[in-house]
1. Please work out if D245 is farther than 24 Å from E165 by Cα, surrounded by fewer than 18 Cβ atoms within 10 Å (Cβ to Cβ) and not basic (K, R).
2. Tally the residues that are assigned to a strand (DSSP E or B), at pLDDT below 95 and either under 16 Å from the mean Cα position of the chain (by Cα) or not β-branched (V, I, T) (or both), restricting the search to segment 14-36.
3. Restricting to segment 226-242, name every residue that is surrounded by 15 or more Cβ atoms within 10 Å (Cβ to Cβ) and either in the same structural domain as N48 (by TED's automatic domain parsing) or small (G, A, S) (or both).
4. Only one residue in G235, G302, G227, G274 is closer than 20 Å to A191 by Cα and either of a type in the set (D, E) or touching a strand residue (DSSP E or B) at 6+ places or on another chain (Cβ under 8 Å) (or both), so which one is that?
5. Looking for whichever is assigned by TED's automatic domain parsing to the domain that holds I263 and on the phi < 0 side of the Ramachandran plot here; the options are N179, N159, N143, N213. Which one fits?
6. When residues of segment 39-84 are filtered for being over 16 Å from the mean Cα position of the chain (by Cα) and among the charged types (D, E, K, R), how many remain?
7. Based on this model, can you work out whether G171 counts as under 18 Å from the mean Cα position of the chain (by Cα) and not aromatic (F, W, Y)?
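The values are calculated or read from the model by the stated rules, or taken from the named source; none is laboratory data. Given the structure is predicted, the values throughout are model-derived calculations rather than measurements. Cβ: placed from backbone, ideal geometry, glycine included. Neighbour counts: every protein chain shown.
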Amino acid sequence: MKPIKTFFLVSTLGIMISGCSASDEEYSFVKSEDATIDHIHGIGYPNNNGELVIATHDGLMKYKDSTWYETNSLKHDYMGFQPYKDGFYSSGHPEEGSKLKNPLGLVKSTDEGKSLDKLAFYGETDFHFLGAGYQSKAIYVINQEPNSEMETGLYRTLNEGEKWEKAEMKGFDSTSIGNIAVHPSKKEMLAISSKDGVYVSEDGGDSFTKVENTQTATSIYLTERAGLFSSIEEGKVQLYELDFDSNNVQPYPTPKLSQDNPIMYISSNPESSGEWTVVTYNNDIYQTTNNGETWDEVVDEGKIAK
């Protein structure tokens, strides 16, 4: 397999742990006042409750009823943040002053980040490329540096890190990727966005097929029946919908964005099929609740819209 670069345009049973914070205040989400969001590392709708959560350099934030909330402690730098039906999976680094090991390896939380369950490679590896099935809990990671069990490459686990298998990645010939997206319920179906287009696998990553006529793709998200991905073409950003049954690709209504502000993250609300959220390189966040007919900018260059 070819070395894979970060794409940017321009084992053991889990043990429950709690992060230590300088504050004795009970962990909770509190209303954000004049907050600026920086370094977004993932978005989604964990816990099947319809609330948008974003992972930032300074912990988790939540968007609920047109209001932003942030955590009052445990502001970990979550990387590869992946919501699923019971919570979220992630990697990354603990907040400054925490007693947690750095890096976090693969962890999960089922209580909105109050506690973390160590799944694999705790204190050893930081996975920037991580995908998870919302219902299936199948997890895929790209390991960029060898660790105690893995060489570099794409790996999958179907039991939350107890056993890992290396994927062969036949047919994948791009050297720069955007993200990994895993089908919500089909454990062996995943897609990868890349500078050369969209690649889809239906055998756990052992073989990939490039979606015809796809160009530079910065992000992709999979629902039960289709994928939504972002592409850069003719100096602008365009969303496309990929139908799994026909493999047809159709344009999807897109916020007006230039190629130097590409979409980096895409997510859909599992409780509302018409609700989508996208995050751009400049930390703009757009949301639609009517399948793209209208988009609302809820964050402008990291600044919370009022």
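1. Details: farther than 24 Å from E165 by Cα: yes; surrounded by fewer than 18 Cβ atoms within 10 Å (Cβ to Cβ): yes; not basic (K, R): yes.
Judged against the criteria, D245 is a match.
2. 1
3. Here is the first cut: in segment 226-242, the residues surrounded by 15 or more Cβ atoms within 10 Å (Cβ to Cβ) are 226-232, 237-242.
A226, G227, S230, S231, listed by residue number.
4. Numbers: G235 fails: closer than 20 Å to A191 by Cα; G302 fails: closer than 20 Å to A191 by Cα; G274 fails: closer than 20 Å to A191 by Cα.
None of the other options fit; the residue is G227.
5. Numbers: N159 fails: assigned by TED's automatic domain parsing to the domain that holds I263; N143 fails: assigned by TED's automatic domain parsing to the domain that holds I263; N213 fails: on the phi < 0 side of the Ramachandran plot.
Among N179, N159, N143, N213, only N179 is assigned by TED's automatic domain parsing to the domain that holds I263 and on the phi < 0 side of the Ramachandran plot.
6. The total comes to 5.
7. Numbers: under 18 Å from the mean Cα position of the chain (by Cα): no; not aromatic (F, W, Y): yes.
So G171 fails the test.
A quick yes/no check of all residues on (1) touching a Phe, Trp or Tyr at 6+ places or on another chain (Cβ under 8 Å); (2) surrounded by fewer than 22 Cβ atoms within 10 Å (Cβ to Cβ); (3) farther than 18 Å from A217 by Cα:
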| residue | (1), (2), (3) |
| --- | --- |
| Q259 | no, yes, no |
| I266 | yes, no, no |
| E271 | yes, yes, yes |
| G274 | no, yes, yes |
| T277 | yes, no, no |
| N291 | yes, yes, yes |
| E297 | yes, yes, yes |
| I304 | yes, yes, yes |
